[in-house]
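**Q** This structure is in structure tokens; I'll ask about it shortly.
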Amino acid sequence: MNRMGISCLSSLTIEGKLKNSSLVALNIDKLELSRTLYLIHDQNKHFSKALLLLLEYCH
């Protein structure tokens, strides 16, 4: 079985590939993955109230 590989990808990233069956998702019991996300912004701009609420919720 040449050229086979496994990756951890966001389902949003591969949504089309899953729909047309060119990729297959595997569900693995007891596997918990997490990732760190960063917020990058222009320091000369201010956050809206809505964004501040979202950041508080995500924290």
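**Q** When only DSSP loop residues count, what GluC sites (Glu not before Pro) in the chain have their Cβ near at most 10 other Cβ atoms within 10 Å?
**A** Values: sites: Glu15, Glu32, Glu56; in loops: Glu32.
When the GluC sites (Glu not before Pro) of the chain are filtered for loop state and at most 10 Cβ neighbours within 10 Å, Glu32 remain.
**Q** Also, I was wondering about something else. With runs of 4+ DSSP H residues as the only contributors, calculate the mean residue ellipticity of the chain at 222 nm using -39,500 (n - 2.57) per run, divided by the residue total and rounded to the nearest 500.
**A** Rounded to the nearest 500, the figure is -6500 deg cm²/dmol.
**Q** Follow-up question, since we're still on this one. Please report, in debye to the nearest 20, how large the charge dipole of the chain is about its Cα centre when each Lys and Arg carries +1 at its beta carbon and each Asp and Glu carries -1 there. Could the numbers behind the result be given before it?
**A** Details: 7 positive and 5 negative charges, 39 e Å.
Once rounded to the nearest 20, the dipole reads 180 debye.
**Q** Test of the criteria: in segment 11-52, which trypsin sites (Lys or Arg not before Pro) are in a DSSP loop and have at most 14 other Cβ atoms within 10 angstrom of their Cβ? Write out the running numbers ahead of the final one.
**A** On the way: sites: Lys17, Lys19, Lys30, Arg35, Lys45, Lys49; in loops: Lys30, Arg35, Lys45.
Here the trypsin sites (Lys or Arg not before Pro) that fit, given the DSSP loop and packing criteria, are Lys30, Arg35, Lys45.
**Q** While we're here: Among (1) 294; (2) 50; (3) 170, only one was calculated for this model; which label is it, if the read-out is volume of the Cα convex hull per residue in Å³?
**A** (3)
**Q** Angle, helix 49-58 long axis vs. longest principal axis of the chain, Cα atoms, 0 to 90°, nearest 10?
**A** Taking the Cα atoms of the chain, the angle to 49-58 is about 50 degrees.
Here, each number is a calculation from the coordinates, and none is a lab measurement. Since the model is a prediction, treat every value here as computed from it, not as a measurement. No Cβ is skipped: glycine too gets one built from the backbone with ideal geometry, and neighbour counts run over all protein chains shown.
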